[in-house]
1. Checking residue 195 against (1) assigned to a loop (DSSP other than H, G, I, E, B); (2) modelled with pLDDT of 90 or more; (3) of a type in the set (D, E, K, R), only one condition comes out false. Which one?
2. Of these, 72, 34, which one is over 52 Å from the mean Cα position of the chain (by Cα), at pLDDT 90 or above, among the aromatic types (Phe, Trp, Tyr) and under 18 Å from residue 14 (Cβ atoms)?
3. Mind counting the residues in the range 375-404 that are among the aliphatic types (A, V, I, L, M), under 17 Å from residue 339 (Cβ atoms) and in contact with a His (Cβ under 8 Å, 6 or more places away or on another chain)?
4. Residue 333 is checked against (1) open to solvent by less than 40 Å² (accessible area, probe 1.4 Å); (2) touching a residue at least 24 places away in the same chain (Cβ under 8 Å); (3) over 20 Å from residue 428 (Cα atoms) and fails just one. What number does that condition carry?
5. Taking into account only those residues within the range 75-130 that are closer than 20 Å to residue 20 by Cα and in contact (Cβ under 8 Å) with a residue 60 or more places away in the chain, which is surrounded by the fewest Cβ atoms within 10 Å (Cβ to Cβ)?
6. Return the total of residues in the range 166-189 being in contact with a helix residue (DSSP H, G or I) (Cβ under 7 Å, 6 or more places away or on another chain) and of a type in the set (Ser, Thr, Tyr).
7. Given the structure, is residue 276 part of a loop (DSSP other than H, G, I, E, B), farther than 18 Å from residue 394 by Cβ and either in contact (Cβ under 8 Å) with a residue 40 or more places away in the chain or open to solvent by less than 10 Å² (accessible area, probe 1.4 Å) (or both)?
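The values are calculated or read from the model by the stated rules, or taken from the named source; none is laboratory data. As the structure is a prediction and not an experimental result, all values here were calculated from the model. Neighbour counts are summed over all protein chains in view; Cβ atoms, including those assigned to glycine, are modelled from backbone coordinates with ideal geometry. When the accessible area is computed, the model is the full protein with side chains, heavy atoms only, and any ligands, DNA or RNA have been set aside. Shrake-Rupley method; radii C 1.70, N 1.55, O 1.52, S 1.80 Å.
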Amino acid sequence: MISVPLPRIGTWAAWRDAARALLAARVPPEDIVWDWDGSATELFATDMPPPTTRQAIRVPADFVEMAQWVVWHKDPQRFARLYALLWRLRLDKGIMADRADPDLARLRQMEKAVHRCKHKMRAFVRFRDLRSDGPRRSFAAWFEPTHHTVEPCAPFFARRFADMDWMIVTPDVTAKFTDGALTFHEGREKPDLPEDAAEALWGTYFKNIFNPARLKISAMTSEMPKKYWKNLPEAQYIPDLIATAEARVREMAETAPTLEPARVARIHAQLQEVPQPASWNLLTAGLAGCTRCPLHGPATQVVPGAGPHGAALMIVGEQPGDQEDLAGTPFVGPAGQLFDQLAARAGFDRSAAYVTNAVKHFKFKEGAKRRLHVNPNASEVSHCKFWLDTERTLLRPRLTLALGATAMGALTGDAKAVMKRRGTIEDTPHGPVLITLHPSALLRMPPAARPEAEAAMIADLQLAVQTLAAFAPPMDQRRAGM
């Protein structure tokens with residue numbers, strides 16, 4: 001039997017060097033007694049020294065990563081288990097990937113336990129101020145780890161509290177950090193640490209962040225085991241916080257703001273509703289001061305509808321263009337001029353119709369030479385629908401002509417499939433709506449496609465004339481001038 005002494009401090013490096021030498025010397029696990037800190041019994045004691053060969057050996061990296069944590073477990077057999085697996089890895093390096101292997105599974109459990117202990121130590125160490133007069137502040141803490149985790153955890157505290165001197169005392173090992181140097185010493189009994197005024201402040205903070213409505217005792221004690229409570233200054237408040245949690249939740253519910261009655265919501269809704277203008281003059285005044293959407297800011301002015309207030313036909317476009325924005329009149333730009341030409345060829349006078357847009361302000365972006373048109377979004381169309389509905393209510397047209405998808409959406413509630421729906425008449429609460437393309441779409445077409453598109457739009461306009469002639473009474477025909 002070969003007895004391998006392992007120190008309490010520096011255990012990992014000692015075991016790693018010894019295992020490397022033993023493996024190189026082909027010493028089987030059953031011939032080794034691992035003597036950690038003199039804990040081996042006399043029954044297995046031997047004077048045979050371990051080999052000192054430092055021949056390099058190759059082992060899987062994940063074994064090394066696992067072993068450097070397992071050596072800090074409290075199980076006395078941890079070193080033998082590690083070496084036994086290392087011995088098997090000589091012949092089968094695939095063991096580390098076999099999660100069903102019982103030896104590996106046990107070592108993985110031990111590794112997990114050490115990691116959990118490491119996490120608890122990082123979370124539950126509480127330093128107390130020793131009030132040193134030196135240039136560096138000095139603190140000390142008492143902790144009782146489950147495993148031998150002081151040495152592997154100490155570098156974490158050294159990085160986190162590098163600007164102060166500190167000492168973590170445990171029954172196992174004591175870690176000291178003085179003037180930037182980290183050293184380890186034998187464990188000690190619990191020292192008599194001075195009172196720290198900061199603990200009262202910490203306790204006040206802990207009580208104030210405690211939410212009784214979210215209390216789950218099993219989850220809390222799982223993450224904050226009771227065995228650590230005796231060294232946590234805030235733990236003294238936990239029993240009282242748990243005992244009074246139910247009453248505090250009840251008090252919070254009783255003092256919480258109550259929901260207002262349903263009739264109050266209706267009153268608020270009525271107060272927020274803005275009545276539609278009841279006359280053309282009120283409509284004009286309302287449009288002049290409209291700020292329902294951000295478009296009123298950059299636009300030159302609002303562009304209201306134009307035409308006879310008794311017109312039987314209402315024509316709705318998308319929004320004013322650059323020239324309409326400057327003139328304050330709809331349909332005076334290139335698209336409006338094209339529409340006038342096509343309307344004349346279709347057989348009706350556009351001046352006899354009421355012309356307006358779904359959006360009353362010009363939306364644009366600055367171009368190199370002129371302002372460029374930008375399509376209004378759904379929110380802007382929705383805000384301006386208030387004015388469009390007012391126009392439809394005051395005008396009560398026999399027929400409304402929707403030019404393009406934006407106008408179609410504002411008038412029918414659906415802006416999809418304009419090409420499929422063009423040339424059709426759809427019923428709405430404000431009367432029938434005939435759908436066609438916007439003349440600006442024809443202006444953007446290639447020259448070769450323009451004649452056919454213009455013919456189709458003329459056919460749509462002729463359908464509008466025929467519809468008005470078929471359904472309008474004589475008085476309405478006179479009003480519309482058709």
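1. Status for residue 195: all satisfied but (2).
2. On the way: 72 fails: over 52 Å from the mean Cα position of the chain (by Cα).
Just a single option satisfies the conditions, and that option is 34.
3. Number satisfying all stated conditions: 1.
4. So residue 333 meets the others, but not (2).
5. 90
6. Of the residues in that region, 1 qualify.
7. For residue 276, the condition - part of a loop (DSSP other than H, G, I, E, B), farther than 18 Å from residue 394 by Cβ and either in contact (Cβ under 8 Å) with a residue 40 or more places away in the chain or open to solvent by less than 10 Å² (accessible area, probe 1.4 Å) (or both) - is not met.
For (1) touching a Ser or Thr at 6+ places or on another chain (Cβ under 8 Å); (2) at positive phi; (3) outside any strand (DSSP E or B), each residue gets a yes or a no:
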| site | (1), (2), (3) |
| --- | --- |
| 381 | yes, no, yes |
| 388 | yes, no, yes |
| 391 | yes, no, yes |
| 402 | yes, no, no |
| 423 | yes, yes, yes |
